[in-house]
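Notes to accompany the following structure.
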Amino acid sequence: MAIMHFEAEPYPLAFEHASTALLMIDMQRDFVEPGGFGEMLGNDVSLLRSTIEPCQRVLEAARQAGITVIHTREGHRSDLTDAPPSKLRRGRLEIGIGDKGPMGRVLVRGEHGHDIIPELYPLPSEPVIDKPGKGAFHETDLNLILRNRGIKTLIVCGVTTEVCVHTTVREANDRGYDCLVLEDCVGSYFPEFQVAALAMIKAQGGIFGWVSDSARFLAALSES
Ligand code: C5J
């Protein structure tokens with residue numbers, strides 16, 4: 001198949017369908033939906049919800065184009081044995097990881113709030129990576145799946161930009177993947193972090209990767 005290009009900053013990124021994967025990071029109810037854990041902590045979830053529609057368009061286009069789609073969820077075993085004590089203590093929260101929250105036990109696998117929002121729900125054929133950390137490579141089989149499929153380029157969407165998206169992009173970068181982050185498909189509760197996190201990725205000639213948007217992603221796919 002021909003080599004195509006995504007228009008992006010700091011410069012266009014070459015890609016082939018077969019070696020490209022869409023990574024949808026942590027689009028979970030507890031982070032994104034009103035009434036979830038994120039909102040309970042005082043965050044404005046509308047800043048994250050603005051990503052849903054562009055993510056839907058990107059997800060649909062990737063599926064149509066036959067691009068590998070992989071979803072991630074941050075969360076833990078119900079006995080919390082995979083949660084570092086430091087993570088459980090962090091924040092000194094009254095209701096934190098493993099406690100009964102507004103949508104079930106917070107960030108525990110199998111709970112309502114832990115699952116992916118219906119608008120972006122994975123197809124049965126799409127791998128879902130359950131990750132105990134912020135980065136999607138940490139203590140998961142994501143790298144194995146990507147290598148087995150011959151993936152070299154990652155299109156990255158999801159939440160939150162400066163936490164799980166950034167950590168994953170940095171991990172991917174060190175493992176030799178090219179990452180393209182779609183700026184309207186990643187969201188932060190903190191507008192200033194959104195701006196800074198995206199700037200960091202494309203700075204210094206693309207030190208962690210490339211930044212583009214859903215319109216340019218869709219345009220590149222429609223030309224291919
Ligand atoms: C956070 C995430 N923010 N998915 N998780 O704790 O970014």
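The values are calculated or read from the model by the stated rules, or taken from the named source; none is laboratory data. Because the structure is a prediction, the values reported are computed rather than measured. FYI the Cβ positions are ideal-geometry reconstructions off the backbone, even for glycines, and counts take in every protein chain you see. Ligands, DNA and RNA are stripped out before the accessible areas are found, and what is left, the full protein with its side chains, is counted by its heavy atoms. Shrake-Rupley method; radii C 1.70, N 1.55, O 1.52, S 1.80 Å.
Return the total of residues in the stretch 94-117 being farther than 30 Å from Val58 by Cβ and either among the small types (Gly, Ala, Ser) or exposed (fewer than 15 other Cβ atoms within 10 Å of the Cβ) (or both).
So in the stretch 94-117, the residues farther than 30 Å from Val58 by Cβ come out as 94-96, 98-100, 105.
Subset that is either among the small types (Gly, Ala, Ser) or exposed (fewer than 15 other Cβ atoms within 10 Å of the Cβ) (or both): 94-96, 98-100.
Going through the stretch 94-117 one residue at a time, the tally reaches 6.
Yes or no: Glu162 within 15 Å of the ligand (Cβ to nearest atom), outside any strand (DSSP E or B) and open to solvent by 40 Å² or more (accessible area, probe 1.4 Å)? Walk me through it before giving the result.
Working: within 15 Å of the ligand (Cβ to nearest atom): yes; outside any strand (DSSP E or B): yes; open to solvent by 40 Å² or more (accessible area, probe 1.4 Å): yes.
Here the answer is yes, as Glu162 does meet what is asked.
Can you tell which of Thr153, Thr167 is closer than 25 Å to Ala8 by Cα and either buried (at least 22 other Cβ atoms within 10 Å of the Cβ) or out of contact with any Lys or Arg (no Cβ under 9 Å at 6 or more places or on another chain) (or both)? Show your work before the answer.
On the way: Thr167 fails: either buried (at least 22 other Cβ atoms within 10 Å of the Cβ) or out of contact with any Lys or Arg (no Cβ under 9 Å at 6 or more places or on another chain) (or both).
Being closer than 25 Å to Ala8 by Cα and either buried (at least 22 other Cβ atoms within 10 Å of the Cβ) or out of contact with any Lys or Arg (no Cβ under 9 Å at 6 or more places or on another chain) (or both) holds for just one of Thr153, Thr167, which is Thr153.
Which is assigned to a helix (DSSP H, G or I), more than 12 Å from the ligand (Cβ to nearest atom) and modelled with pLDDT of 95 or more, of Ile155, Ile201?
Details: Ile155 fails: assigned to a helix (DSSP H, G or I).
Unique residue meeting the criteria: Ile201.
Among (1) surrounded by 16 or more Cβ atoms within 10 Å (Cβ to Cβ); (2) touching a Lys or Arg at 6+ places or on another chain (Cβ under 9 Å); (3) not acidic (Asp, Glu), there is one condition Leu120 misses while meeting the rest; what is its number?
Checking Leu120 against (1) surrounded by 16 or more Cβ atoms within 10 Å (Cβ to Cβ); (2) touching a Lys or Arg at 6+ places or on another chain (Cβ under 9 Å); (3) not acidic (Asp, Glu), the one that fails is (2).
Take the conditions open to solvent by less than 30 Å² (accessible area, probe 1.4 Å), in contact with a Lys or Arg (Cβ under 7 Å, 6 or more places away or on another chain) and either within 14 Å of the ligand (Cβ to nearest atom) or modelled with pLDDT of 95 or more (or both) and apply them to Val69. Does it pass? Write out each step before concluding.
On the way: open to solvent by less than 30 Å² (accessible area, probe 1.4 Å): yes; in contact with a Lys or Arg (Cβ under 7 Å, 6 or more places away or on another chain): yes; either within 14 Å of the ligand (Cβ to nearest atom) or modelled with pLDDT of 95 or more (or both): yes.
Yes, satisfied.
Is it the case that some residue within the stretch 209-216 is away from the ligand (no atom under 16 Å from the Cβ), under 16 Å from the mean Cα position of the chain (by Cα), within 27 Å of Glu33 (Cβ to Cβ) and part of a helix (DSSP H, G or I)?
Yes, the conditions are met somewhere in the stretch 209-216.
Residues that are in contact with an Asp or Glu (Cβ under 9 Å, 6 or more places away or on another chain): find the helices (runs of 4 or more DSSP H) completely inside the stretch 1-99 holding 1 or more of those. I'd like the intermediate steps shown before the answer.
On the way: elements: 29-32, 37-40, 46-49, 52-65, 85-89.
Helices (runs of 4 or more DSSP H) meeting the threshold: 29-32, 37-40, 46-49, 52-65.
If a residue has to be buried (at least 17 other Cβ atoms within 10 Å of the Cβ) and either out of contact with any helix residue (DSSP H, G or I) (no Cβ under 6 Å at 6 or more places or on another chain) or closer than 14 Å to Gly158 by Cβ (or both) to count, how many in the stretch 31-44 make the cut?
Restricting attention to the stretch 31-44, the residues satisfying the condition of being buried (at least 17 other Cβ atoms within 10 Å of the Cβ) are 31-33, 36-40, 43.
Still in the list and also either out of contact with any helix residue (DSSP H, G or I) (no Cβ under 6 Å at 6 or more places or on another chain) or closer than 14 Å to Gly158 by Cβ (or both): 31-33, 38-40, 43.
Here the count works out to 7.
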